[in-house]
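Engineer: Just dropping this structure here.
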Ligand code: HEC
């Protein structure tokens with residue numbers, strides 16, 4: 001009797017794992033295509049496919065509208081090398097010295113290869129458009 005139990009139990013365990021995997025696989029299936037590429041709020045496709053297949057669309061990227069002005073081009077090219085320029089617009093309005101420190105942190109701490117002249121322009125640009133005094137959107 002004892003021997004029989006020890007044979008049965010591992011078998012039952014395996015069955016449970018198999019059932020669990022099948023259920024999990026169902027959740028993974030479906031379409032991952034994006035319908036609202038400009039929005040962070042992505043809706044999940046309501047249709048889950050019945051088979052184990054799913055397709056993946058291109059990764060949505062969020063276009064950031066930076067304020068018009070002197071230094072915008074430098075900001076757009078140098079500050080989008082490692083992350084999106086959304087990192088700028090998603091901050092609350094920051095005081096001018098904070099933008100100076102932020103740009104220097106990107107260069108000194110994270111190794112952003114930004115020439116001095118461009119860094120100066122970027123700092124002025126951010127201070128002209130993204131502080132509590134002048135930020136419009
Ligand atoms: C060499 C890569 C690199 C470049 C170029 C770069 N950053 Fe960053 N940035 C980072 C990393 C790494 C973080 C922190 C990690 C994270 O949150 O993803 C970060 C985070 C930020 C943040 C969020 C706040 C913080 O301090 O963590 C802001 C704002 C930001 N960067 C602005 C800028 C601006 C403005 C520029 C252009 C001057 C720039 N970044 C260029 C690497 C870079």
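No value in this document is a laboratory result; all are computed from the given coordinates. Nothing here was measured: the structure is a model prediction, and the numbers come from that model. All Cβ positions, glycine included, derive from the backbone under ideal geometry; neighbour counts span all protein chains shown.
Engineer: Can you sort 94, 126 by how many other beta carbons sit within 10 Å, fewest first?
Structural biologist: 94, 126
Engineer: Further question on the same structure: Rounded, prolate or oblate, given the Cα gyration tensor of region 72-129, with a/c below 1.5 counting as rounded? Show your work: numbers first, answer last.
Structural biologist: Values: a/c = 1.30, a/b = 1.19, b/c = 1.09.
Rounded, since a/c falls under 1.5.
Engineer: Let me ask something else. Mind checking the full-extension length gain between residue 98 and residue 86? Use 0.36 nm per residue of separation minus the Cα-Cα distance, one decimal, nm.
Structural biologist: Separation in residues times 0.36 nm, less the Cα-Cα distance, equals 2.6 nm.
Engineer: Moving on. To make sure I understand, if each residue's beta carbon is the centre and we count other beta carbons within 10 Å, what order do 107, 88 fall in, fewest to most? Spell out each step's value before the answer.
Structural biologist: On the way: 107 16, 88 23.
By the 10 Å Cβ count, ascending, the order reads 107, 88.
Engineer: Pull out the extension gain between residue 54 and residue 131, defined as 0.36 nm times the separation in residues minus the alpha carbon to alpha carbon distance; nm, one decimal.
Structural biologist: 23.3 nm
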